[in-house]
Amino acid sequence: MDPIVRVLLAWALFAGTHIGLAALPWRDGLTRRIGKQGFTTLYSLAAAATFAVLITTYAGAQTQGPAGLALGRTWLGVPLIALSVFGVVSMFAALMHYPASAYAISAAGQKPEPRGFERITRHGFAIGLSLVGLAHAGLAAYMTGTVFFAALAVFGFVGSAHQDTKLLAREPDTHASFMEKSSLVPFAAILSGRNRLVLSELRPVSFALGLLAAWGLHLAHPAIFDHGGVYVIATVLGGAALATRQDYRHARRRRERESREPMQNPRHPA
């Protein structure tokens, strides 16, 4: 089978299950049948399995097919690399902010005001992925890579818009307020006057870690997809598990704090 077709089919499998299962009709129907925890487990397993198939497929086809755009050999090389670095930094900023974000599983859609990196882009991780994908689609030496990373760019934007649509349906007033004051495209809300950049809300360590990760990826670039892409699979799934664990701990602390508040502020009859 043509390597580009294999990669596109793998993308269709991953994106179709990842976005399709999260669509409200499927999500609500499955949740009624197997419960919220059952759905979360099923969704996580499906996402992990199809992501592994996608990465393994691309790892085996990355040097096959016709020549790609290879824009790194032109004057566009430096801007595309800078775009990719910003994408990696965006991903780290979003990961560090995830438990308090508007998209954390335990409190999705319940945040009316963007803070920190959300002022720059409300979907820091997904849009960061899109920027990395867009840059590498232009830099790829083989058309298989151009197609793979172009699909990644599209997936990040489409997935973000789909998630916002779900949260608008679930929390129309709160999430509408959040979206009105934020943007998908980095800095768009700030430049349009709908928001402002507050440097004190940003975490310098997230930028430092993002730059360090970008440098590490540059050094490891030739071997990133070696051994069937096991490094990419382990890193992404491990990061997702860590973010979920952080959200769980954050939600538990919030519940404990809320349970103590009535005791600390008892109501007395007038």
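Coordinate-derived values only; no laboratory data. Small disclaimer: the values here were computed from a predicted structure and weren't measured. Positions of Cβ are backbone-derived with ideal geometry, glycine not excepted, and every protein chain shown enters the neighbour counts.
Structure summary
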quantity: Max mean-square fluctuation residue, GNM over the chain, Cα-Cα springs under 10 Å, options 63, 74, 244; calculated: 74
quantity: Inter-probe distance in nm under a simple model that places probes 7 Å from Cα toward Cβ, at residue 242 and residue 70; calculated: 3.6 nm
quantity: Approximate spin-label separation residue 1-residue 231, in nm, with each point projected 7 Å along Cα-to-Cβ; calculated: 2.7 nm
quantity: Length gained when the stretch residue 211-residue 44 is fully extended (0.36 nm per residue, less Cα-Cα span); calculated: 57.2 nm
quantity: Candidates 97, 123, 218: whichever shows maximal mean-square fluctuation once the chain is modelled as a Gaussian network with Cα springs under 10 Å; calculated: 218
quantity: Nearest-20 debye value, the chain charge dipole, Cβ charges on Lys, Arg, Asp, Glu; calculated: 800 debye
quantity: Listed residues 222, 204, 172, most fluctuating in the chain (Gaussian network, C-alpha, under 10 Å); calculated: 222
